[in-house]
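Structure record follows, encoded as structure tokens.
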Amino acid sequence: MNEDACDLVASNYDDLVYHFNDDEFDAEGVCFKVIRRWTVMDWCQKYTEGPKKGQYVTWYWDQVIMISETNDPYFTSTCEDTETCTYDSECESGYIELTMSAADDCTNASNLKWRYKIDYDNDGSFDIDSKNFSDPIISGETANASGDYPVGTHRIVWQVWDQCGNSATCDKEFTIKNCKKPTPICIDHVVVEMMPYRY
């Protein structure tokens, strides 16, 4: 901005922010675009005619700013294998808490996007995919897949995206272990005739 001795210039701006991939899992490139509208006014000049007559002379200019970054988000909770005990009398299933948290240097935690897939019995075939849910996009700092799962060792794959399309993956096993001990049963009123023992 240039001004001479006869000018008295003031400036200000307003930002409009446009996000490109709020609902995408695999967007790449620009994270978001900022249209910065500059307003410049000269307090020493006024319009002398037209609808703005008497107002200070003002100029407007739109500056386009493209924001991008290539750093992946990172997990803030452990990606180690985990197990839990179940005391289900049928030895079929048990509840386990499965949550994962992440953060990113340039994306607010509330704008992170998640997806998870679960492979029962860790046999290489995914049986649950959050992308197939009616609302497939999980937003926020933490994703939650806690619930009842069959007894056995399974695998969950977490994936988190930032607003720039960068992603990180956590692959972990989780085990539902039946810890219910056998229950002894005492049978009353059983009569057994003792036989002599012979050597």
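The values are calculated or read from the model by the stated rules, or taken from the named source; none is laboratory data. Everything numeric in this text was worked out from a predicted model, so none of it was measured. We place every Cβ from the backbone using ideal geometry, glycine too, and count neighbours over all the protein chains shown. When the accessible area is computed, the model is the full protein with side chains, heavy atoms only, and any ligands, DNA or RNA have been set aside. Shrake-Rupley method; radii C 1.70, N 1.55, O 1.52, S 1.80 Å.
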Item to check | Complete set of residues in segment 66-84 that are modelled with pLDDT of 90 or more, open to solvent by less than 60 Å² (accessible area, probe 1.4 Å) and not hydroxyl-bearing (Ser, Thr, Tyr) | outcome: Pro73, Phe75, Cys79
Item to check | Wholly within segment 61-135, strands (runs of 3 or more DSSP E) carrying at least 3 residues that are farther than 23 Å from Asn178 by Cβ and not polar (S, T, N, Q) | outcome: 99-103, 113-119
Next on the checklist: Just to verify a result, which residue in segment 1-11, among those that are at pLDDT 60 or above and in a loop (DSSP other than H, G, I, E, B), is surrounded by the fewest Cβ atoms within 10 Å (Cβ to Cβ)?
Outcome noted: Cys6
Next on the checklist: What's the total number of residues in segment 12-41 that are farther than 30 Å from Asn132 by Cβ and modelled with pLDDT under 90?
Outcome noted: 2
Next on the checklist: With the requirement that a residue be in contact with a helix residue (DSSP H, G or I) (Cβ under 6 Å, 6 or more places away or on another chain) and at pLDDT below 95, what does segment 153-189 give you?
Outcome noted: Gln163
Checklist entry - When you scan segment 86-142, how many residues do you find that are of a type in the set (Gly, Ala, Ser), exposed (fewer than 15 other Cβ atoms within 10 Å of the Cβ) and in contact with an Asp or Glu (Cβ under 8 Å, 6 or more places away or on another chain)? => result 2
